Every structure is written in C-alpha cells, then in structure tokens.
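Just below is one structure, and these are the notes that go with it.
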Amino acid sequence: MRPSFMGLEVSKRTIQLAQKSLDITGSNLSNSKVEGYTRQKVDIGASYFNEFAYWQTKSSRMSLAGQGAIGIGVDQVRDPYIDKRYRDSTPAVAEFSTRADTLKEVETVLDNITTDGLTLSIDTFKNALSNYAERPDSEELASIVRNQAYNMTNLLHTYYADLENLKETNLEALDASIEDTNNIIERIVNYNKAIVKEYTAMATGKYGDRESVTGSYGPNELLDERNLLLDELSYKGCIEVHDNADGSVRVLMDGVEIINGEKYEQLYMKKSTKTDGEFSSELFRDYAAYDAAVLRWTSGDEANFRSGELKAYVDILNGNGVYATGYQNDSYGIPYYESAMSSFAHTFGNFMNYMNGAVDDKGKVIDADRLLFVTNEYERIDQYGDREAEYEELDMSIKNIRIAETWMNKATMIGEVQNKETGIWTMSLDGNHVNQIIEKLNNKSLDFGGRGDYEGTIYDYLLFISNRIGQNIEFNESRHEAAYATSNALLDARDEVSGVSETEEGINMLTYQNWYNASARLMTALDDALDRLINNTGRVGL
C-alpha cells in the first residue's frame, strides 16, 4: 500500500508547476515588446523513485511509482547557431551602409563634376578663350579668360575645404564609434561579472564538481541583456563569441581577444605629438600626423577590421587608392577623391604652363616669367628669388593651386607666341595659339597622377572620376541591400525561435489553466478518498 499523502503531494506539485507555467507565460506576454527579450519556458520532467534503494522488493518499489512531475528549471528558447549566423551577417550591413552614405556626400561635394561642377567651369574657361581668340589684343577679353581660370582655382579650393570638412565629420563619427565600442565592451564585462555571481548561486553543484555551468539554468534576464550587447558589438566588427566554464563569455574581434571574463581590451586612435600646423581638434591633429586614422587595442595589437562600421570609417578616412602611402590603404575613400582632384589640378596647371612656354614636357621650369599657374608655397618662395629651383618640388593640388603673379600682372600673356629665332614672345594677332590651346584641351591625352590611374583627355578623366564615384555608390548600396536582406531573414528566423508570439502564449495560457484546474480537481478527489479512509473506515452502517 502506497503512502497515504503521496497523491496529495503529487497533486500539490502539479498545481505549483501549472501555476509557475502560467507565471512564465504571463512574463512572456508582458515582455513581448521588450527589445532583446528571449521567450522562456518551464522545463518539466517526470519524477522517479529512489532507484538506488536496491534492498527494496519489487512490490515496495512499485508502491513508490507515480510520483508525478517536477520542475527542472526555467530555460530560454534560443538557438546559438542562428545567433552566430546573425552576428556574422551584421558587420556587412553596417559597413556598406556607412560607405554608401559617405560616398554620396563625396558626390555632393564634387557637385556632379561632369555636369554642374568642374566640367562646366572648364567649358566656361574654353568659351572665354574662344572669345579672346577672335580679338587677341583685347585686354578686357584676356582678363575674362584669367578670371575664369581664377574661378576654376576657387572651385578646386572649395572642393578641398568641403572634402576636409567631410573628413573631419567622419573622423568625429569614427571617434564616436570607438567610444561606443569601448562602452559596449565594458558593459559586456560588467554583465559577465554579474552572471558569474548568479551562476555561482544557481549552479552550486557544478561549481563544486568543477564542471562547466554552460547550459545550466541561469539568470535569463542578464543573459538577454548581454546577448543584446553582443548583437550591438557585431555591427562594429566581426566577432566570435565563446562560452567560458564559469558562465562568462570570451569575445574575439577580427582575431584579437577583446573580452575574456573580467579581462578586456579598449580601442583607441594612435596619438601624435605633432605641434606644427593649425588643427581644429587633437583628433584631426592625430589624423594629420599619419595621413590616416591608425587604430590600436590597448594590448598593442593592430586593429585590422575585416568588416563592420569601424572598417567602413577606416576605409573612408584612409582609402587613397593608387596614391596610398604609409598607413593608408587602397580603398576609394575621401583621400582618393581628394588626390584624384589634386591630380587634375596638377596636370591641368602643368599643361597650361607648358602651352604658355613656362615648362618643358617634363614639367621642368624653362621660363618662370611665363608661368600661368603656381602653388601658394611657390609664391612665398618667390619673395626670396628662388622660385625656379623649387617649382618642381611643389606639386599643384586642389589645396594650393593659384594664378601666378606673372599672369595676374599681364592678362594677355596667354595670347603670345615665341619667335623661334629670337626667343622673344609677341602677341599673335591671328589667335591661332589660343585656338591651339582650346583644341588640345578637348583632345590631348594626358597622364593623370603619374601612377597609372588614368590616361586620357581632361573631359575623359572627369568622367572617369564621376563614374568611379557612381560605381562605388552602386556597389556599396547593392551589397548593403543583400546583406540587409540576409540579416533580416536571420533575425526573423531567430524571432520565430526566441520571440514571443501572443497567439502561442494565449494557447499556452489556456493549456496551463486547464492543467491547473484538472490538478485541483484531482486533489479534491484524493482529499475525498482520504476522508473516506480516515473518517469512515470501520463504521459500517453509519
């Protein structure tokens, strides 16, 4: 005969399990809109009698059967494989979105160079030349040509200023992203500490046996918060997450261990002691010192990112294509488009100086008094009478190109031709020399940059740069769309597993309520049976 109160005990535990299941269902419903919340469930198992009591007879062992159900713990419904795949997909989403947005800003700065920007300025300059060719002796028309050239240099200066401002904006964005990354790392470490303490209390047996607590019933809400931070961190760079035996996590970012339990690394930009020059901030000073944003971990490891938001900002700030030196890379970032436009300024300025007899076909000065375009630095050197020796060392760029003082003093100089016998420059009244300049501006193939980036006419080169910006924007947008679609699909898959469905929880609530009612009814039946046994046994006829 089984113990008299065992049935009541079984029924009591069942009612408690049904009540706890209702509690967890209610908690799921109340947290259904909470970001990062993972659906929870009560793990229930069948109770068993003491299998190690080998001295018991079969009949006595049978009397202990049917001890009902027991609650094992409250678990999260989560798939680690989907978590990994989702975190593998998010860096590309952040990287290509950031790149595309910045390249659109570069395109805006350059003002559609093939339509409204530099191309239009060249067309205006050529029109002025064409008008001047009809009356080469006109000081007024010659001045208009020079003024259009001056406007072109101002446009190039504007490009430089706007690109530098865009650099600074993205440098500040990189600094904010670094700070955000470091903050996320610190918060994950703090959750590591709290979770380890909770596991110490909740998995005492495993700790005593020096076993891993991974997979044990833990502090679910703390785990949710840590997982949410790990998701955020995955946008910054490619991460790998590994569980430690004590319940904490170890995180690698692009091969560098940045978190291990309570130990962690911080990211920073390499500092500089540069003192020369005026800078709007220490941040921009450090960037200017290396012509790049150089990132390090506090461990001393270089921060080389394969993907993610941080890589996007580094490539945007350090990408200088074929012009890359030092810490720069060969991506097409802001420095590349600045270098490409400086290549235009240098090539165009040298070409005009060559056509005016100031330099030879190698760019070496042969007559400093014939210079049309120079650099700001050259003019300062000119005060000391050493300009011919320095011209070749000072490349014209969008930052420093300007109209030479010789041209400012004599606007009609561009219409003069040289007598090959006497070497004297005189006005060409037929305008053929000016028309020759126009023809070569239209058709002459030039080597831009001297690094094999492009060889062709001035117009072809500007079209080449414009197409490159457009292609880069299109590439990054298409990659972002593909990565975003993949990331969203994985997020949906994770929500199907871990998210709270109000319909499903409503069904569960009805199920647990019926379970609760049935268990209560069983307890009533058992109480009636026990009452019959205790109060009415032996009282026949009463």
*What is the number of the single condition among (1) of a type in the set (S, T, N, Q); (2) outside the structural domain of residue 348 (by TED's automatic domain parsing); (3) under 24 Å from residue 135 (Cα atoms) that residue 476 does not meet?*
(3)
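Out of all the residues in the stretch 294-315, which are among the charged types (D, E, K, R) and more than 14 Å from the chain's Cα centre (by Cα)?
Taking the stretch 294-315 and keeping what is among the charged types (D, E, K, R), we get 296, 301-302, 306, 309, 311, 315.
Correct list: 296, 301, 302.
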_Yes/no for residue 345 being surrounded by 21 or more Cβ atoms within 10 Å (Cβ to Cβ) and assigned to a loop (DSSP other than H, G, I, E, B)_ = no
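Please verify whether the stretch 360-376 includes one or more residues that are of a type in the set (Ser, Thr, Tyr) and assigned to a helix (DSSP H, G or I).
Quick first cut of the stretch 360-376, residues of a type in the set (Ser, Thr, Tyr) only: 375.
Keeping just the survivors that are assigned to a helix (DSSP H, G or I) gives none.
No.
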*Quick check: anything in the stretch 92-99 farther than 30 Å from residue 499 by Cβ and either touching a residue at least 12 places away in the same chain (Cβ under 8 Å) or not polar (S, T, N, Q) (or both)?*
yes
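Would you point out which residue out of 283, 295, 310 is crowded, with 16+ Cβ neighbours inside 10 Å, within 14 Å of residue 175 (Cα to Cα) and in contact with a Ser or Thr (Cβ under 8 Å, 6 or more places away or on another chain)? Don't jump to the end; show me each part of the working.
Details: 283 fails: in contact with a Ser or Thr (Cβ under 8 Å, 6 or more places away or on another chain); 295 fails: in contact with a Ser or Thr (Cβ under 8 Å, 6 or more places away or on another chain).
Unique residue meeting the criteria: 310.
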*Kindly provide the set of residues from the stretch 376-418 that are touching a Leu at 6+ places or on another chain (Cβ under 7 Å), at pLDDT 90 or above and under 25 Å from residue 335 (Cβ atoms), ordered by number.*
398, 401
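Of the residues 92, 149, 100, only one is more than 37 Å from the chain's Cα centre (by Cα) and surrounded by 20 or more Cβ atoms within 10 Å (Cβ to Cβ); which? Walk me through it before giving the result.
Numbers: 92 fails: more than 37 Å from the chain's Cα centre (by Cα); 100 fails: more than 37 Å from the chain's Cα centre (by Cα).
After applying the criteria, what remains is 149.
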*State all residues of the stretch 106-125 that are surrounded by fewer than 17 Cβ atoms within 10 Å (Cβ to Cβ) and assigned to a helix (DSSP H, G or I); if no residue qualifies, say none.*
108, 120, 123, 124
*Lone unmet requirement of (1) at pLDDT 90 or above; (2) loosely packed, with under 14 Cβ neighbours inside 10 Å for residue 421*: (1)
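The values are calculated or read from the model by the stated rules, or taken from the named source; none is laboratory data. In this text the structure is predicted, and so the values were computed from the model without any measurement. For neighbour counting, all protein chains shown are included, and Cβ atoms are generated from backbone atoms with ideal geometry for every residue, glycine included.
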